[in-house]
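These notes are about the structure you will find just below.
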Amino acid sequence: MSTQILFPKIGFAMEEGTLAEWHVHDGAEVVAGQPLYVLESEKSAQDIESPASGTVRISVAAGTQCKVGDVLGEIV
Amino acid sequence: MNQARSLPDAPVLLEIYRRATLIKQNDDRFRAVIQSGKLVMPYYSPRGQEIIPAATSVHLSDDDYICTIYRGVHDMLAKGVTPRALWAELAGRVTGSCKGKGGPMHITDPARGVMVTTGIVGSSMPIANGLALAAQLRGEKRVTIAYFGDGASNIGAFHEALNLASLWKLPVVFICQNNRFAEHTRYESGTSIGRIADRAAAYSMPGEHVDGNDPDAMWSAAGQAIARARAGDGPTLIEAMTFRFHGHIFGDADGYMSKEEKASAIARDPVVLLRRRLIERGMATDAALAELERGIELEIDAALQFALDSPYPDLAELRRDVYATEIQP
Amino acid sequence: MTTGTAATSTLLSAVNQALDDALAANPDVVVFGEDVADSEEGGVLGATKGLSSRHGSHRVRSTPISEQAIIGAAIGASLVGIRPVAEIMLMNFTTVAMDMIVNHAAKLRFMSGGKTHVPITIRMMTGAGLGTGGQHADFLEAWFVHTAGLKVVIPSNPSDAYGLLLSCIDDEDPCLFIENMPLYWTPGPAPVRGQRIPIGKARIARPGKDVTLISYSRQVFDALAVADKLSKEGIEAEVIDLRTISPLDDATLLESVARTRRAVVIHEATRQCGVGAEIASRIHENLHRELRAPVQRLGSAFCPVPFSKPLETAFVPGAQQIEAAVRRTLS
């Protein structure tokens with residue numbers, strides 16, 4: 001079973017932001033709670049943790065502007 | 001503040017009496033004229049509370065500001081609003097302080113520092129803060145007085161305003177005229193604390209509980225608070241104890257207070273007591289005070305006549321002063 | 001309305017720029033409200049970021065969460081010549097300062113017979129779409145438009161926001177300045193530094209001849225999208241961005257509808273007794289014989305702003321409803 005990595009809403013009025021940097025490369029093994037990528041919004045930049053344990057499949061490149069709810073990849 | 005803690009000297013006490021008498025005699029006449037049917041308005045008599053603004057305002061100049069409330073003709077007269085402007089406004093005439101558009105609850109006279117008179121209980125305090133903020137921003141030595149009643153200390157605005165004034169060290173003095181009734185409700189039935197002055201502690205400011213009907217005590221407390229504000233040391237809350245002789249609104253049946261309580265307060269009429277004190281201390285003669293009182297009566301006669309002889313505002317005033325630019329018909 | 005180079009900005013940065021320029025130009029301008037100073041991050045969404053650092057924390061002050069005290073202080077200071085810009089954060093929070101706004105700011109000029117007046121600007125943000133639910137996103141502008149003595153300004157784009165905010169600060173009357181949160185980061189025409197936009201003057205956002213779409217704030221963009229779609233069928237809709245809703249620009253409205261003879265009014269506030277009702281009434285009173293169809297009014301559903309995303313999306317009038325309303329005027 002795979003888990004989608006979804007771009008989250010963090011804060012009061014955030015609608016979009018930037019996936020600034022992946023902390024892991026495509027195909028890496030991660031555990032749930034491990035820092036996965038950096039989200040930059042108007043207000044701040046912060047680490048977002050992996051929602052699950054498994055192998056990361058990245059579908060959106062670092063530096064991409066994303067909307068809340070966008071699929072960034074999955075953990076398989 | 002040794003000066004402020006001392007007693008008022010003869011000229012100051014005489015001036016307090018002049019202002020208190022001006023208030024008393026104007027109020028006596030307002031009620032008489034209302035009863036005669038010549039003026040029609042809701043009237044909130046300040047009779048019995050004269051000493052508070054009289055003893056406070058002798059520390060102030062026209063450059064200092066006051067914000068007061070619907071029971072406020074005493075505060076206005078003490079601060080220098082002329083009987084002519086006041087009577088004409090109460091008569092709804094265009095020669096009134098506000099062209100007859102404000103009425104008894106909204107007297108405004110910036111030349112005398114009377115900046116806002118509000119009909120909303122509790123609303124004098126937040127606005128007084130703003131006047132004090134302006135003085136602070138500009139480095140001026142002006143002081144702002146916010147007058148209000150005991151009922152207003154239970155409104156959120158009181159607490160918001162005292163907190164902000166203390167936080168920003170604003171040059172403002174909050175003077176609560178505790179006449180022991182919030183409209184018809186007894187003090188104890190509406191207020192959870194024995195002394196409103198004690199609420200000052202919650203906002204880290206001095207709280208003074210004084211007999212507002214005693215000119216020595218009131219003059220001293222107001223003087224100290226005003227000096228403190230002027231020196232940039234921040235706000236003070238003064239709770240001045242007093243009693244209103246004519247109920248909430250003139251015409252009240254006063255069914256919510258005991259007859260004895262009222263009679264006992266009137267028996268200790270603060271204006272009569274001050275007159276006696278002046279004579280006992282040898283500061284004035286009965287004849288000199290009688291002369292002063294006659295002069296005020298003549299001034300009131302003239303003010304009343306001026307008001308009644310003045311025209312009502314033009315109906316176009318409905319479109320003026322709503323915005324800076326007159327509304328087009 | 002852009003000319004020459006297509007410089008873009010956002011509503012959020014235009015508001016910040018206007019405040020910065022006003023503070024720099026006039027020492028009597030002060031800004032205060034909850035969290036506005038840089039020590040509190042320059043506003044919850046950053047609208048006042050940098051201002052206290054540049055102009056001093058005595059002129060750009062964070063306040064306690066005390067809306068009555070905030071507006072009261074603004075009123076008092078304005079009576080003697082200070083030009084306060086007070087921020088109430090969210091429009092819903094004006095409800096706890098209504099006494100100060102409605103009983104005092106709006107009325108002191110009249111009640112004093114013109115002896116005093118209240119030149120304050122009250123900024124606030126609002127708008128559905130961010131999942132903030134029932135108490136953080138209302139459009140309550142009709143209450144203030146209903147109150148004599150207040151002016152109400154509600155820009156849709158950065159250029160208008162900048163120019164109108166400067167005009168509000170200059171104005172001798174109390175002005176409410178309503179910022180639409182979901183529009184904060186939408187790119188739009190950059191302001192021209194120092195250029196004021198007059199209060200009370202609507203903007204024709206798109207000329208047309210067949211129907212007039214009258215709107216303000218975020219719904220202007222929906223109206224423009226519908227106008228573009230209808231244009232492909234040969235229907236040319238004129239879109240008016242009111243920008244100021246008190247005083248209303250009757251001249252622009254009535255001139256347009258006299259030409260198109262059809263009108264649709266769209267706003268995010270609920271329809272019942274909304275600004276659209278006033279506009280529809282003015283059009284009917286003045287152009288009854290010219291109209292080809294009754295004026296159509298669109299507003300949000302008559303319920304509190306809902307949280308759940310599908311409900312929140314359906315709550316606000318969108319392009320589909322606007323298009324349907326236009327077609328009703330054409331049938």
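Every read-out reported here was derived from the displayed coordinates using simple, explicitly stated rules and does not represent laboratory data. Since this is a predicted model, take the numbers as computed values, not measurements. Note: ideal-geometry Cβ built from the backbone for every residue, glycine included; neighbour counts use all protein chains shown.
List, in order, the whole-Hz ³J(HN,Hα) value for each residue of the range A:57-65 obtained from phi through the Karplus relation with A = 6.51, B = -1.76, C = 1.60 and θ = phi - 60°; use x for Gly and Pro.
10, 7, 10, 10, 6, 4, x, 7, 6
Under 30 Å from the Cα of B:Lys79, which lysines turn up, not counting those fewer than eight places away in the same chain?
List returned: B:Lys24, B:Lys38, B:Lys99, B:Lys101, B:Lys141, B:Lys169, B:Lys262, C:Lys107, C:Lys115.
Diagonalise the Cα gyration tensor of the range C:137-252 and give the resulting equivalent ellipsoid semi-axes, square root of 5 times each eigenvalue, largest first, whole Å.
25, 16, 14
Lys and Arg at +1, Asp and Glu at -1: add these up for the other residues within a Cβ distance under 13 Å of B:Ala157 and post the number.
Result for the local shell: -3.
For every other residue with a beta carbon closer than 11 angstrom to the beta carbon of C:Val316, add +1 if it is Lys or Arg and -1 if Asp or Glu, then tell me the sum.
That works out to -2.
How many percent of Cα pairs in chain C exceed 24 Å?
On the way: 29161 of 54615 pairs.
Across chain C, Cα pairs with separations above 24 Å total 53 percent.
So which helices of chain B fit the span-like rule, where a helix is a whole DSSP H run, its Cα atoms reach 20 Å or more along the axis, and its mean Kyte-Doolittle is at least -1.0?
Membrane-span-like by this criterion, though nothing is claimed about a membrane: B:10-36, B:124-138, B:215-230, B:286-309.
How would you classify the range C:3-106 from its alpha-carbon gyration tensor, with a ≥ b ≥ c the square roots of the eigenvalues: rounded for a/c under 1.5, else prolate if a/b is greater than b/c, otherwise oblate?
prolate
How much FRET efficiency would the formula 1/(1 + (r/R0)^6) give for C:Asp228 and C:Lys201, where r is the Cβ-Cβ distance and R0 is 30 Å, rounded to 0.05?
My answer for the efficiency is 0.80.
Just subtract the alpha-carbon distance of B:Arg281 and B:Asp63 from 0.36 nm times their residue separation and send over the number in nm, one decimal.
Answer, rounded to one decimal: 75.2 nm.
From the P(r) of the range C:8-189, could you give the percentage of C-alpha pairs in the tail past 21 Å?
44
Reported to two decimal places, what Rg/Rh ratio describes the range C:240-295 when computed on Cα atoms with Rh from the Kirkwood expression?
That ratio is 0.93, to two decimals.
Could you please report the charge total around B:Arg18, scoring K, R as +1 and D, E as -1 over all other residues with beta-carbon less than 12 angstrom from its beta-carbon?
-2
Using C-alpha positions alone, give me the convex hull volume of the protein assembly as shown per residue in cubic angstrom.
Value for the protein assembly as shown: 192 Å³ per residue.
Which residues' amide hydrogens lie under 5 Å from the amide hydrogen of A:His23, considering only partners 5 or more residues apart or on another chain, with H built in the peptide plane?
Distant-sequence amide H within range of A:His23: A:Tyr37, A:Val38.
Could you line up A:Val71, C:Val316, B:Val94 from fewest to most neighbouring Cβ atoms inside 10 Å? Provide the component values of the computation, followed by the final result.
Working: A:Val71 12, C:Val316 24, B:Val94 17.
In increasing order of surrounding Cβ atoms, one gets A:Val71, B:Val94, C:Val316.
Please rank C:Met98, B:Met125, fewest neighbouring Cβ atoms within 10 Å first, as an exposure proxy.
C:Met98, B:Met125
Given H placed 1.01 Å from N in the peptide plane, which residues other than close sequence neighbours of C:Thr63 have an amide H under 5 Å from its amide H?
Correct list: C:Gly33, C:Glu34, C:Asp35, C:Val36.
Does the range B:62-179 classify as rounded, prolate or oblate by the C-alpha gyration tensor (a ≥ b ≥ c root eigenvalues; a/c under 1.5 gives rounded; else a/b over b/c gives prolate, otherwise oblate)?
oblate
Percent of Cα-Cα pairs more than 34 Å apart in chain B, please.
Of all Cα-Cα pairs in chain B, 21 percent lie more than 34 Å apart.
Run the simple label-point estimate for B:Leu318 and B:Ile266 please: 7 Å along Cα→C-beta, distance reported in nm.
Inter-label distance under the simple model: 4.2 nm.
Between B:Gly194, B:Ala128, B:Asn178, whose Cα lies farthest towards the positive end of the dipole of the range B:104-207 when Lys and Arg beta carbons carry +1 and Asp and Glu beta carbons carry -1, centred on the Cα centre?
B:Ala128
Could you give me the radius of gyration and the Dmax of the range B:1-141, taking only the C-alpha atoms into account and expressing both in angstrom?
Values for the range B:1-141 (Cα only, Rg and Dmax): 15.6, 50 Å.
Kindly point out, ordered by number, any Cys in chain C whose beta-carbon has no other cysteine beta-carbon under 4.7 Å away.
C:Cys273, C:Cys303
In the range A:3-75, with Lys and Arg counted as +1 and Asp and Glu as -1 at Cβ, which of these residues, A:Phe12, A:Leu39, A:Ile75, has the Cα nearest the positive end of the dipole, that is, farthest along it?
Farthest along the dipole direction, towards plus: A:Phe12.
Restricting the count to DSSP beta bridges whose residues both fall in the protein assembly as shown, what percent are antiparallel, rounded to a multiple of 5?
So the antiparallel bridges amount to about 35 percent of the total.
Give me the distance between the Cα centres of the range B:29-56 and the range C:153-175, rounded to whole Å.
If we compute the Cα centre of each part, the gap is 45 Å.
Can you compute the charge dipole magnitude of the protein assembly as shown about its Cα centre, using +1 on each Lys and Arg Cβ and -1 on each Asp and Glu Cβ, nothing else charged? Give it in debye, rounded to the nearest 20.
That gives the protein assembly as shown a dipole magnitude of about 1460 debye.
Please work out whether the range C:60-166 counts as rounded, prolate or oblate from its C-alpha gyration tensor, where a ≥ b ≥ c are the square roots of the eigenvalues and a/c under 1.5 means rounded, while otherwise a/b larger than b/c means prolate and anything else oblate?
Because a/c hits 1.5 or more and a/b exceeds b/c, the range C:60-166 counts as prolate.
Normalized C-alpha radius of gyration of the range A:1-58, against 2.2 N^0.38 Å?
So the Cα radius of gyration is 1.14 times the expected 2.2 N^0.38 Å.
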